[in-house]
Amino acid sequence: MIKISYACFSTADALVFADSDTCFVKPFEADLVLRADGRVRLLSEPGAGDTPMHHEWYRRAARLLGLPVKDYYGRGFIGNLVPWVPEHARSLAQRLEEVNGRRWRTVLLHQKTVAEYILYGLFVHEVLGLTQSRHYLADADRPVIEYWGQGSLPDDDLLKFVGTLGPEHVALHIQSKAKYSFELYARTVRALWQATGAGRSHG
């Protein structure tokens, strides 16, 4: 609700939702998600998200958007740095109201579960159409590395995970339910940030 509402009110050319478990390790420029021609990167990954846990989200999003109900639509839309186009979020809200006959907030509040990223991704692909939208599909991998485990993450494994950061990555994510040394994690993230020179220039 908050994400969609924020996007609907935004006057920006593009916005990026960052999961609360995401830590940035270097600054980045707008061209990470926004091209000079005004098109915005869309998190849309073929084959990703085809899991039983996600299938209900696809079915529910399809029903809400007035699309054929299927377990999966061939692409995954869930991540930790997710760009949206505000004008498309407003169109999404309008579509929800047209299909369901009620205010979009009321529609979503009556759902047992919903995934806003799948809802937006399906809307762009299946309702707007990618070529008619302001989005583009990026060839590069997502700019954040992710750890979704919920068990223990020993210090050595934590450092190995952080060590998978590449030059194309600007952030890392560790699931909040994982058990690890926050002190080690905080020191490591601060060191990565300072290594870019950002710590000295931004305090």
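The values are calculated or read from the model by the stated rules, or taken from the named source; none is laboratory data. All of these numbers come straight from a predicted model, not from anything done at the bench. All Cβ positions, glycine included, derive from the backbone under ideal geometry; neighbour counts span all protein chains shown.
Please verify whether Arg142 is surrounded by 13 or more Cβ atoms within 10 Å (Cβ to Cβ), modelled with pLDDT under 95, among the charged types (D, E, K, R) and under 19 Å from Val85 (Cβ atoms), treating the condition exactly as stated.
yes
(1) assigned to a helix (DSSP H, G or I); (2) at pLDDT 95 or above: which one isn't true of Asp50, the others all being true?
All conditions are met except number (1).
Mind listing whichever residues of segment 124-158 are over 16 Å from Ala14 (Cβ atoms), of a type in the set (A, V, I, L, M, F, W, C) and in a helix (DSSP H, G or I)?
Val127, Leu158
Counting just the residues of segment 1-47 that are of a type in the set (S, T, N, Q) and not in a loop (DSSP other than H, G, I, E, B), which one comes out farthest from Ile78 (Cα to Cα)?
Ranking the qualifying residues of segment 1-47, first place goes to Ser5.
Out of Tyr73, Tyr58, Tyr147, which single residue is surrounded by fewer than 19 Cβ atoms within 10 Å (Cβ to Cβ) and among the aromatic types (Phe, Trp, Tyr)?
Every option except Tyr147 fails the conditions.
Being among the small types (Gly, Ala, Ser) and at negative phi is the requirement here; does Gly66 meet it?
So Gly66 does not fit the description; no.
Applying the selection to segment 53-73, what residues are in a helix (DSSP H, G or I) and of a type in the set (Asp, Glu)?
Scanning segment 53-73 gives a single hit, Glu56.
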